[in-house]
Amino acid sequence: MQRPPTLPALVALGALVLTGCSGTGDNDKKDGKAPTTPSNVTAQAGSATSVHVMWQASTDDKAVTGYEVFQKDTKVKALPAGKTMVDVDGLKPRTAYSFTVRARDAAGNLSEPSPAVAVTTPEPAPEDHRPPTVPGKLTGALDGSRAVRLAWRPATDNTKVTSYDIYQEDSRIHSVAGTETGARVTGLRPGTVYTFTVRARDAAENSSADSNAVDLTTPAADGEGPSTAPTDLVATAAKGSIELSWKPPQADGAIESHELYLNGKLATTIVWGAMPTGDTATYTMTVTDPPGTRYSVKLRAKLPDGKWGDFSAQRTVVAR
């Protein structure tokens, strides 16, 4: 039986005068070692006026703080260290471009530029509002503890599929050429549930609907216990509601509440006065948006020790 859910210095620093023989002063000298050069740089035309640039992360003796993307000798993008892909927009159709990437550290040291990669933007697309078909039968497999390999059947388009975009939940994390039917996604965290989908895109920037979703859980890091994520989440749209069912995580004690996230934001906390019988929990969430509204749903459980567990895989449904 369910109970109605509940929604949930400035510090002034004095100047510090250091003597010439201070060890701290020596440590504060400028770091003269530059990061390694970004590797495996690729550039893929996403449309007649945009190019998608990607690369492998650099390393540094302290820390990489960002990347700079150059078109020939002109810096066109500056990104934080966590970003290893970017779309360069505002380009000219039928034009050859060349891109390089450099890594930057906190001291301002720049790596050597990566080898230049050439790409030519295509002809402008004619008036086209028809999206490609959905990529078929997405599958995936783990590739170590921090990477996965995905594969899908090709989509079709009335003109041409120019790229495939890989999404993790609702964020695009990778793109490959329209001639590819697979991708390797790296930089993942151990012991984490990931939900991947793929969309096809054409030269007019029309995108298909999502492919089927694939859930993959990376192995836990050494010394960490099993995942605490709810499993087997199923979300079904009904008129005016979303019907949910899932298996709470195994824990040394009762799981008495879950947080429900809708489109990435906390929507409600599901609290039971008495635990559901069996190993499957259910919940009905009322929605008032018009038919056709897209919802992304995921859960996490409050563990017996009072901490919130890992997130479940995400499910996407369309209101009826």
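Read-outs throughout are calculated quantities, based only on the coordinates presented, and are distinct from any laboratory measurement. Bear in mind the structure is a predicted one, so any value in this text is a computation, not a measurement. As a convention, Cβ positions derive from the backbone with ideal geometry for all residues, glycine included, and neighbour counts pool all protein chains shown.
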> Stretch Thr284-Leu79 to full length: gain in nm at 0.36 nm per residue minus the Cα-Cα span?
Replying inline: 69.6 nm
>> Using the basic label-point model (7 angstrom from Cα toward the beta carbon), what is the Ala220 to Ser145 distance in nanometres?
In response: 1.2
> Could you give me the ³J(HN,Hα) list for the stretch 287-298, computed from phi with Karplus coefficients 6.51, -1.76, 1.60 and θ = phi - 60°, whole Hz, x at Gly and Pro?
Replying inline: 10, 10, 6, x, x, x, 5, 8, 10, 10, 10, 8
> Spin-label point model (7 Å from Cα, Cβ direction): what's the Lys265 to Arg153 distance in nm?
Replying inline: 3.8
> Which of Lys77/Lys160; Lys137/Lys160; Lys33/Lys77; Lys265/Lys298; Lys30/Lys62; Lys72/Lys92 have a Cα-Cα distance over 18 Å?
Replying inline: Lys77/Lys160; Lys137/Lys160; Lys33/Lys77
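Give the calculated FRET efficiency between Ala251 and Thr133 to the nearest 0.05, with a Förster radius of 35 Å applied to their Cβ-Cβ distance.
The value I calculate is 0.20.
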> Tell me, what is the FRET efficiency for Thr65 and Glu205 to the nearest 0.05, using R0 = 35 angstrom and their Cβ-Cβ distance as r?
Replying inline: 0.65
> Under the classification rounded if a/c is under 1.5, otherwise prolate if a/b is larger than b/c and oblate if not, where does the stretch 231-318 fall, given a ≥ b ≥ c as square roots of the Cα gyration tensor eigenvalues?
Replying inline: prolate
> Counting only residues 5 or more places away or on other chains, whose amide H sits under 5 Å from the amide H of Thr65 once H atoms are built in the peptide plane?
Replying inline: Arg104, Asp105, Ala106
>> Please give me the summed charge of the neighbours of His129: other residues whose Cβ is under 13 Å from its Cβ, Lys and Arg +1, Asp and Glu -1.
In response: -4
> Residues with beta-carbon under 11 Å from that of Val185, excluding Val185: net charge, scoring Lys, Arg +1 and Asp, Glu -1?
Replying inline: +2
>> So I have (1) 156; (2) 147; (3) 210, and one of them is volume of the Cα convex hull per residue in Å³ calculated from this model. Which one is it?
In response: (3)
> Seen from all sides and averaged, what is the projected area of the convex hull of the Cα atoms in the stretch 39-120, in nm²?
Replying inline: 4.9
> Listing Lys265, Lys62 from the residue with the fewest other Cβ atoms within 10 Å to the one with the most, what is the order?
Replying inline: Lys265, Lys62
> In whole Hz, what ³J(HN,Hα) sequence does the stretch 43-54 give by Karplus (6.51, -1.76, 1.60; θ = phi - 60°), x for Gly and Pro?
Replying inline: 9, 10, 5, x, 6, 5, 10, 9, 10, 9, 10, 9
> Among residues other than Asp143 whose Cβ falls under 9 Å from its Cβ, what is the net charge (Lys/Arg +1, Asp/Glu -1)?
Replying inline: +3
>> With θ taken as phi - 60° and the coefficients 6.51, -1.76 and 1.60, list the Karplus ³J(HN,Hα) couplings across the stretch 230-240 in order, rounded to whole Hz; mark glycine and proline as x.
In response: x, 10, 6, 5, 10, 10, 10, 7, 10, 5, x
> Once the Cα gyration tensor of the stretch 96-200 is diagonalised, what are the square roots of 5 times its eigenvalues, in whole Å and ordered largest first, as equivalent ellipsoid semi-axes?
Replying inline: 28, 24, 11
